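The structure appears below as structure tokens.
Only the coordinates and a few stated rules stand behind these numbers; no lab work does. Since the structure is predicted, the reported quantities are computational estimates derived from the model, not experimental observations. So basically every Cβ, Gly included, is an ideal-geometry build from the backbone, and we count neighbours across all protein chains shown.
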Amino acid sequence: MGKHEIISAKRALHILLALALATALTARGSDTDAGQLIVSIAPGWNSSAGKLQLFERSGGGWKPVSGVIPVLYGKNGLAWGRGVRGADEPGLKKVERDWRAPAGVFDVGKIYSYDAKLPGGADYPFHQVTDADAWVDDSSSPDYNRFVTIDPKNPPPWFEKAKMRQKDFAYRWLIEIRHNADPPLPGAGSAIFFHIRRGVTRPTSGCTTMAEENLVEIIRWLRAGEHPRYVLLPWSEYQKKWREWGLPGLDAVHAIAP
């Protein structure tokens, strides 16, 4: 093999490697491995309320499998979060205590509940919350944005604020939205869940909330083998991103569009 042939072979190898890397990154950042999507669309970045619908993969696209569910977001609206999609987008970023819900595409984590078992028909990773369980929201802690279990006989000073089992009906059912999780970035936001709303018009500090019957409907529907993900975007961004991110088309989401 001549010198020029060796250079050409090396160049071809580099091109193939670059294409393989690009393909791998695209697959990792897309929704091609998700069989279930929870899709929520807000009217705008500063909206504290919107609509949500459940979708399942059907052939090469997505089909809605639920009715429209009214939901509430952060008091100050939305900001880009850190998940499967969204972290690299230009614009306002989610930070701790900004009262904004993270926008983007996120894996759906474990269910946490005061109850000893899930509702009938549910089959999803689940943990019954105990008096020793906490979710850390202290940005200086090595366990920031992590679920931890402490020694109840010697609780740390921060535990009373961070404990998960409280006298709060809104936390009976929690579904983790895996924002800022792999790994957590200090100060980028913590403890983001789906949970029961505290009022029909009362927004949150960053979670997505709804009526209990709607939350239970989602819990019964979720299946870990379908790799469910949560999509939360303002309508302007959804119209820009749906095709690139492999989301339900505009016709499919007409019922939850503003």
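When the dipole is taken about the Cα centre of segment 34-241, and only Lys, Arg (+1) and Asp, Glu (-1) are charged at their Cβ, what size is it in debye, to the nearest 20?
Working: 28 positive and 23 negative charges, 91 e Å.
With only Lys, Arg, Asp and Glu charged at Cβ, the dipole is about 440 debye.
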(request) Would you be so kind as to identify which of 144, 47, 37 lies farthest towards the positive end of the dipole of the chain, taking Lys and Arg as +1 and Asp and Glu as -1 on Cβ and the Cα centre as origin? (result) 47
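With contacts defined as alpha carbon pairs under 8 Å and 6 or more residues apart, what's the relative contact order of the chain in percent? Write down the numbers at each step before the final one.
Values: 540 pairs, mean separation 68.1, N = 258.
Relative contact order for the chain comes out at 26 percent.
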(request) Select from segment 36-117 those trypsin sites (Lys or Arg not before Pro) which occupy a DSSP coil region and have at most 16 other Cβ atoms within 10 Å, ordered by residue number. (result) 75, 97, 117
(message) Which of the three applies to segment 96-138, rounded, prolate or oblate, going by the alpha-carbon gyration tensor with a ≥ b ≥ c and a/c under 1.5 meaning rounded?
(response) oblate
(request) Please give the helix 212-221 orientation as an angle from the longest Cα principal axis of the chain, in degrees from 0 to 90, rounded to the nearest 10. (result) 40 degrees
(message) From the helices alone, meaning DSSP H stretches of at least four residues, give me the mean residue ellipticity at 222 nm for the chain, per-run term -39500 (n - 2.57), in deg cm²/dmol to the nearest 500.
(response) -6000 deg cm²/dmol
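For a Förster distance of 35 Å, can you work out the FRET efficiency between the beta-carbons of residue 114 and residue 185, rounded to the nearest 0.05? It would help to have the intermediate numbers written out before the result.
On the way: r = 30 Å, r/R0 = 0.85.
Rounded to the nearest 0.05, the efficiency is 0.70.
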(request) Straight distance only, please: which lysines reach the Cα of residue 163 with their own Cα at less than 27 Å, same-chain residues fewer than 8 apart left out? (result) 75, 93, 94, 110, 117, 153
